[in-house]
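Undergrad: Quick one: the structure is below, questions incoming.
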Amino acid sequence: MRVVVIGGSGHIGTFLIPRLVRGGHEVVNISRGRRSGYVDDPAWQEVRQVTADREDGSGAFPDRVADLRPDAVVDLICFDLESATALVERLRGETGHLLHCGTIWRSGPSVKVPVTESSGTPPMGGYGIAKAAIAEMLRAETRSGGLITTSLHPGHIVGPGWHPIGPLGNLDPTVWRRLSAGEPIDVPGIGAEFMHHVHADDVAQAFEAAIARRDAAAGEDFSVVAPSALNVRGYAQIGASWFGQEARLRPVTWDQFRAGTDAESAELSWEHLVRDHYFSIDKARALLGYAPAYEPEDAVLESVRWLVDHGQLEVANPLKV
């Protein structure tokens, strides 16, 4: 099968493209620049690389994809409904399967957990609203007899080569230095809010399974996350233990937290923690055979270890695990 992956040089593609090559597929990677993933793999030598930018203003991107004559297209970098619709309309009748990468942020703040594909609340924020609209369009397209589509919705993706969403719900690396030193950390509220991470290879596994089980995946959407989720205080406690420390958490109000945190990090913390996300993977397990290999703390530890080993994360003490 010829599989075209749009944006395959990023987090998910780092693991998905080698999986597809090893599975016997002919793989084409469309990207704007980067030629391979974050982790070296000899499978990349067998991948055809195509340079293209869907945002170049020419409107020719859907034609570029269709001209590759794919049996399946995996779109990892579509963020607005207009672009998604244009690709669907061009591939309709010519391509066997379009798979879209969404996000768990298509669901708003939780009212009951675990959240299922049908029990999420309306999304908040432009990113989540757009991804929810794309998923609904794809579902309607397939169920009306058009192009076969599937949308998969990962949690907070982690893996070697990039910083994970940390215990405070942001990307501020100083939290790891403080945890590794046993220093106190200001936590907004009591730290009970959940974040749902997932290793990039587990997301890749889900996409590979959806390609293989096209009939089961047709017109469906799936939450793709780790088997469990971490709340703020548990995440901090586990993270500190990696350095032989105990987490010293100091509850503060959100106003106090914002006053002591840079504006960008404070806003990102709010965006993650207000959603309080913990999702079910029962549907993906049943229809796709999804079997994530990583618990969330194991996925984050792999990311933190890579950053420490490559001198990209300052810590006060070495990892003890």
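The values are calculated or read from the model by the stated rules, or taken from the named source; none is laboratory data. Quick caveat: nothing in here was measured; it's all calculated off a predicted structure. Quick reminder, even Gly has a Cβ in these numbers, built from the backbone with ideal geometry, and neighbours come from all protein chains shown. When the accessible area is computed, the model is the full protein with side chains, heavy atoms only, and any ligands, DNA or RNA have been set aside. Shrake-Rupley method; radii C 1.70, N 1.55, O 1.52, S 1.80 Å.
Undergrad: Considering only residues that are within 18 Å of Gly33 (Cβ to Cβ), touching a Ser or Thr at 6+ places or on another chain (Cβ under 9 Å) and open to solvent by 50 Å² or more (accessible area, probe 1.4 Å), which ones fall in the stretch 54-74?
TA: Hit for the stretch 54-74 is Glu55, nothing else.
Undergrad: In addition: For the stretch 1-20, what are the residues that are over 21 Å from the mean Cα position of the chain (by Cα) and not in a strand (DSSP E or B)?
TA: First pass over the stretch 1-20, keeping only residues over 21 Å from the mean Cα position of the chain (by Cα): 1-2.
Matches in the stretch 1-20: Met1 only.
Undergrad: Further question: Just to be sure, is Pro227 surrounded by fewer than 21 Cβ atoms within 10 Å (Cβ to Cβ) and over 15 Å from Val74 (Cα atoms)? Write out each step before concluding.
TA: Working: surrounded by fewer than 21 Cβ atoms within 10 Å (Cβ to Cβ): yes; over 15 Å from Val74 (Cα atoms): yes.
Taking the combined requirement at face value, the residue satisfies it.
Undergrad: Now a separate question. Six or more apart or on different chains, Cβ atoms under 7 Å: show the pairs whose first residue is in the stretch 77-91 and open to solvent by 40 Å² or more (accessible area, probe 1.4 Å) and whose second is of a type in the set (Val, Ile, Thr) and outside any helix (DSSP H, G or I).
TA: Ile77/Ile6
Undergrad: Next question. Tell me the helices (runs of 4 or more DSSP H) entirely within the stretch 263-321 that contain at least 2 residues that are over 13 Å from Pro160 (Cα atoms), over 19 Å from the mean Cα position of the chain (by Cα) and aliphatic (A, V, I, L, M). Talk me through it step by step, then tell me what you get.
TA: Values: elements: 263-275, 282-288, 296-309.
Here the list reads 263-275, 282-288.
Undergrad: What do you reckon, is Trp270 in contact with a strand residue (DSSP E or B) (Cβ under 6 Å, 6 or more places away or on another chain), at negative phi and surrounded by fewer than 18 Cβ atoms within 10 Å (Cβ to Cβ)? Walk me through how you get there before you give the answer.
TA: On the way: in contact with a strand residue (DSSP E or B) (Cβ under 6 Å, 6 or more places away or on another chain): no; at negative phi: yes; surrounded by fewer than 18 Cβ atoms within 10 Å (Cβ to Cβ): yes.
Judged against the criteria, Trp270 is not a match.
Undergrad: Quick check on Ile129: is it more than 23 Å from Leu319 (Cβ to Cβ) and surrounded by 22 or more Cβ atoms within 10 Å (Cβ to Cβ)?
TA: Values: more than 23 Å from Leu319 (Cβ to Cβ): yes; surrounded by 22 or more Cβ atoms within 10 Å (Cβ to Cβ): no.
When the stated conditions are applied, Ile129 does not pass them.
Undergrad: What is the number of the single condition among (1) open to solvent by 40 Å² or more (accessible area, probe 1.4 Å); (2) touching a residue at least 12 places away in the same chain (Cβ under 8 Å); (3) over 23 Å from Ser303 (Cβ atoms); (4) among the acidic types (Asp, Glu) that Asp255 does not meet?
TA: Only one criterion in (1) open to solvent by 40 Å² or more (accessible area, probe 1.4 Å); (2) touching a residue at least 12 places away in the same chain (Cβ under 8 Å); (3) over 23 Å from Ser303 (Cβ atoms); (4) among the acidic types (Asp, Glu) is unmet by Asp255, namely (2).
Undergrad: Looking at (1) in a helix (DSSP H, G or I); (2) loosely packed, with under 12 Cβ neighbours inside 10 Å; (3) under 21 Å from the mean Cα position of the chain (by Cα); (4) not charged (D, E, K, R), find the lone condition where Gly33 falls short.
TA: (1)
Undergrad: Taking the conditions exactly as written (modelled with pLDDT of 95 or more and farther than 20 Å from Lys131 by Cα), does Gly219 satisfy them or not? Reasoning before the result, please.
TA: On the way: modelled with pLDDT of 95 or more: yes; farther than 20 Å from Lys131 by Cα: no.
No.
Undergrad: Let me ask something else. Give the stretch 303-321 a look and list any residue that's buried (at least 18 other Cβ atoms within 10 Å of the Cβ) and under 16 Å from Tyr235 (Cα atoms), or say none.
TA: Ser303, Val304
Undergrad: Same structure, new question: Within the stretch 231-257, count every residue that is of a type outside the set (Gly, Ala, Ser) and more than 18 Å from Ala192 (Cα to Cα).
TA: Looking only at the stretch 231-257, we keep the residues that are of a type outside the set (Gly, Ala, Ser), and these are 231-233, 235, 237-238, 242-243, 245-246, 248-257.
Still in the running and more than 18 Å from Ala192 (Cα to Cα): 242-243, 245.
Qualifying residue count for the region: 3.
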